[in-house]
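S.K.: Encoded as structure tokens, here's the structure I'll be asking about.
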Amino acid sequence: MTVATAVAGTNIALVKYWGKRDEALNLPATGSLSLTLDRLGTRTRVAFDGGDGGGDLLTLNGARADEKTSRRVSAFLDRVRARAGVDTRATVVTDNSVPTASGLASSASGFAALALAASRAAGLDLPPNELSALARLGSGSAARSIFGGFVEMAPGTRADGTDATAHPLAANVQGPPGAPPGVWEVRLVVAITAAGEKAIGSTAAMTHTARTSPFYQAWIAGVDADLAAARAAIDRRDLAALGAVAERSALRMHATALAADPAIVYWNPATLAAIARVRALRDASPATQAFFTIDAGPHVKVLCAAEDADRVAAALAGVPGVLRTLVAAPGPGARIVEAA
Ligand code: PMV
């Protein structure tokens, strides 16, 4: 097969990944835990058809991609070609329903869809864990978008990264005794607080944090406890417990970045106003169980129960500086949608 099309949903980490144990292989310093979403994602078609004659040809959201993005995608395709024994250049057409490079995790769905489409188009039929390791080489968080629902990423211990892969959590299929099987139907309300690309990409920011933040080691040391607490909360379907972990993980990740020298500040005034609104929702009577998380950008994502999602979205839409909101549900892992 020389052509394949794949789609993948983005994922939002509830226990954050922020730091690498190996930069070349994109190996994370710690585990992380996320939720794959249904409605924010990427669709990518890869054809090993000779590209533009000289190199790979990448079209991103209807326009030819810039140099930097094209180089990153070509480097990724080189790994797929090496593995499959293919040396033909490719044409890649990719469309994001997430604003690219804005801290809304477009690289997670982007490299998950690319890993699946490129490997299939190159004639490889990789098992999910190998697909996850492949996606990780493009972007650490992309390893998690290979799977649906709640997903945990293992940091692995091997130097070659073959054990640094994600896996779906049992809560996706089992649930607590008496509860119906299936994904826990939480919602994530996304409050977009800025247009345009983020100031500093996550890889550069992680590296800078690791080198200069006096809080970095403390951050790394705390992640395993957060993972254990998040896993336990998901097993019990305990939203308040999961939300508490998500908030402290995000705040500690940002605290370690804020303490870097020079500081990395992803937030804007609307980010803080949205945090205040979420806390006010919890303090109100009657209270709404809502919990925020923030990635490498100024947007705020709020975890809540499905029945509260519209109310939470309306509350966030009223926060000064919030440009728009959208509600996402748990979604499936990366999949082939068309292969010709
Ligand atoms: O996958 P990357 O390299 O874009 O890094 C993702 C970093 C965060 O989104 C901030 C955290 C995470 O675990 O997704």
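S.K.: Considering each residue of the range 303-317, count those that are in contact with a helix residue (DSSP H, G or I) (Cβ under 9 Å, 6 or more places away or on another chain), more than 16 Å from the ligand (Cβ to nearest atom) and in contact (Cβ under 8 Å) with a residue 40 or more places away in the chain, and give that number.
M.R.: Residues that pass the stated criteria total 5.
S.K.: On to the next question. I want to confirm something. Restricting to the range 12-27 and keeping residues that are open to solvent by less than 10 Å² (accessible area, probe 1.4 Å) and within 8 Å of the ligand (Cβ to nearest atom), which single residue is nearest to Ala210 (Cα to Cα)?
M.R.: Looking at the filtered set, the residue picked out is Trp18.
S.K.: Further question on the same structure: If you go through the range 43-53 one residue at a time, do you hit one that is outside the structural domain of Phe291 (by TED's automatic domain parsing) and more than 20 Å from Thr88 (Cα to Cα)?
M.R.: Yes: one or more hits.
S.K.: Here is a list of conditions, (1) outside any helix (DSSP H, G or I); (2) surrounded by fewer than 17 Cβ atoms within 10 Å (Cβ to Cβ), and Leu303 meets all of them except one; can you say which number that is?
M.R.: In the conditions (1) outside any helix (DSSP H, G or I); (2) surrounded by fewer than 17 Cβ atoms within 10 Å (Cβ to Cβ), Leu303 misses (2) alone.
S.K.: Tally the residues that are farther than 24 Å from Trp184 by Cα, acidic (Asp, Glu) and in contact with a Phe, Trp or Tyr (Cβ under 7 Å, 6 or more places away or on another chain), restricting the search to the range 230-288.
M.R.: The number of residues fulfilling the criteria is 0.
S.K.: Conditions: (1) more than 30 Å from Pro214 (Cα to Cα); (2) assigned to a strand (DSSP E or B). Asp310 meets all but one. Number of the miss?
M.R.: Here Asp310 clears every test but (2).
S.K.: Between residues in the range 183-207 that are of a type in the set (Lys, Arg) and open to solvent by 30 Å² or more (accessible area, probe 1.4 Å) and residues that are within 13 Å of the ligand (Cβ to nearest atom) and outside any helix (DSSP H, G or I), which pairs lie under 8 Å by C-beta distance while being six or more apart or on different chains?
M.R.: Matching pairs, first to second residue: Lys198/Ala101; Lys198/Ser102; Lys198/Gly103; Lys198/Tyr266; Lys198/Ala296; Lys198/Gly297; Lys198/Pro298.
This table checks each residue for (1) crowded, with 17+ Cβ neighbours inside 10 Å; (2) in contact (Cβ under 8 Å) with a residue 24 or more places away in the chain; (3) assigned by TED's automatic domain parsing to the domain that holds Gly201.
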{"site": "Asp238", "(1), (2), (3)": "no, no, yes"}
{"site": "Ala263", "(1), (2), (3)": "no, no, yes"}
{"site": "Ala287", "(1), (2), (3)": "no, no, yes"}
{"site": "Thr293", "(1), (2), (3)": "yes, yes, yes"}
{"site": "Pro320", "(1), (2), (3)": "no, yes, yes"}
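The values are calculated or read from the model by the stated rules, or taken from the named source; none is laboratory data. For clarity, every value in this text was computed on a predicted model and none was experimentally measured. A quick note on method: Cβ atoms are made from the backbone with ideal geometry, for glycine too, and the neighbour counts reach across all protein chains shown. Calculation scope for accessible area: heavy atoms of the full protein, side chains included, ligands and nucleic acids excluded. Shrake-Rupley method; radii C 1.70, N 1.55, O 1.52, S 1.80 Å.
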